[in-house]
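Each remark here refers to the structure printed beneath this line.
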Amino acid sequence: EHRFEQYDLYMERPAPLVPRRLRLEVPERVAADGEVLLALDEAALRALIPVLRTERIEAIAVSLLHAYRNPLHEQRIRTLLAEAMPDLPVTLSSEVCPEIREYERTSTTVANAYVLPLMDSYLARMQAKLTALGIGCPLLLMMSWGGITTLEPARRFPIRLVESGPAGGVILARQIAETLGCARAIAFDMGGTTAKLTLIDDFTPQ
């Protein structure tokens with residue numbers, strides 16, 4: 001089930017991160033095999049720039065059909081936007097989530113753009129303060145699947161840091177289970193607002 005309140009007839013869905021009036025379109029089309037069927041209408045894109053300025057947009061999410069096969073149009077959009085609004089951060093779906101299924105790719109891209117200005121500013125300030133304290137070692141951050149990344153990719157793709165806390169808890173629990181010789185274990189990670197359960201079978205988190 002995709003409904004998080006399956007039997008609630010009065011369920012109110014969360015408001016979308018991008019209101020309908022700010023979901024802007026440009027003519028272009030790339031086929032499922034990556035072939036360009038309709039070239040990007042650059043004049044139509046430039047015509048949208050005054051709208052972005054009027055609305056005081058702080059970040060842009062770009063998601064085009066089949067961009068995971070051919071990112072050329074998305075990349076061109078970023079170039080044109082950078083020429084007109086060089087300080088505006090642009091997130092491309094072909095970089096954030098280059099996979100099939102438009103809804104999942106778009107929603108991930110939008111979420112990245114939504115948190116990018118705040119996270120970029122926060123991480124930049126943190127790096128500056130660490131440097132001022134004389135700390136010169138690399139700053140590494142955990143990602144949602146348990147790997148680590150350096151600061152620059154984290155500032156560009158903050159969506160990859162979501163759920164990094166629970167992922168770290170599971171990794172630690174797996175290591176403890178392996179140290180104790182417990183091939184089958186349950187990891188319980190409770191924070192301030194959520195609690196996570198993970199089954200560990202043969203020292204492998206499920």
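The values are calculated or read from the model by the stated rules, or taken from the named source; none is laboratory data. Owing to the predicted nature of the structure, the values given are computational and were not obtained by experimental measurement. Here the Cβ positions follow ideal geometry from the backbone for every residue, glycine too, while neighbour counts run over all protein chains shown. Just the protein is used for accessible areas: all its heavy atoms, side chains included, with ligands, DNA and RNA removed. Shrake-Rupley method; radii C 1.70, N 1.55, O 1.52, S 1.80 Å.
Label positions at residue 175 and residue 199, each projected 7 Å from the Cα along the C-beta direction, are separated by 2.5 nm. Between the Cα long axis of helix 102-132 and the first principal axis of the chain there is an angle of about 70°, rounded to the nearest 10. With the highest mean first, a sort of the peptides 58-70, 140-152, 91-103 on other beta-carbon atoms found within 10 angstrom per residue produces 58-70, 91-103, 140-152. Heavy-atom accessible surface of residue 122, to the nearest 10 Å², is about 110 Å², with a 1.4 Å probe and all protein chains retained. Dimensions of the range 1-70 based on its C-alpha atoms, expressed as ranges along the principal axes with the largest first, amount to 46, 37, 16 Å. If you fit an axis through the alpha-carbon atoms of helix 164-180 and take the longest principal axis of the Cα set of the chain, what angle between them do you get, 0 to 90°, nearest 10? On a 0 to 90 degree scale, this one is about 30. Across the range 36-126, the convex hull enclosing all Cα atoms gives 100 Å³ per residue. Each semi-axis of the equivalent ellipsoid for the chain is √(5λ) with λ an eigenvalue of the Cα gyration tensor; in descending order they amount to 36, 24, 18 Å. For the chain, the Cβ-based charge dipole about the Cα centre amounts to some 500 debye (Lys, Arg positive; Asp, Glu negative; other atoms uncharged). Add +1 for every Lys or Arg and -1 for every Asp or Glu among the other residues with Cβ under 11 Å from the Cβ of residue 144, and state the total. Taking every Cβ under 11 Å from that of residue 144, the sum is 0. Given q = 0.16, 0.19, 0.22, 0.26 Å⁻¹, what are the Debye log10 I(q)/I(0) values for the range 127-206, with equal point scatterers placed on the Cα positions and solvent ignored? So the normalised log intensities are -0.71, -0.86, -0.97, -1.12.
Measuring with a 1.4 angstrom probe and ignoring ligands and nucleic acids, residue 204 comes out at about 70 Å² accessible.
Between residue 100 and residue 39, the FRET efficiency from the beta-carbon distance, with R0 = 25 Å, is close to 0.65.
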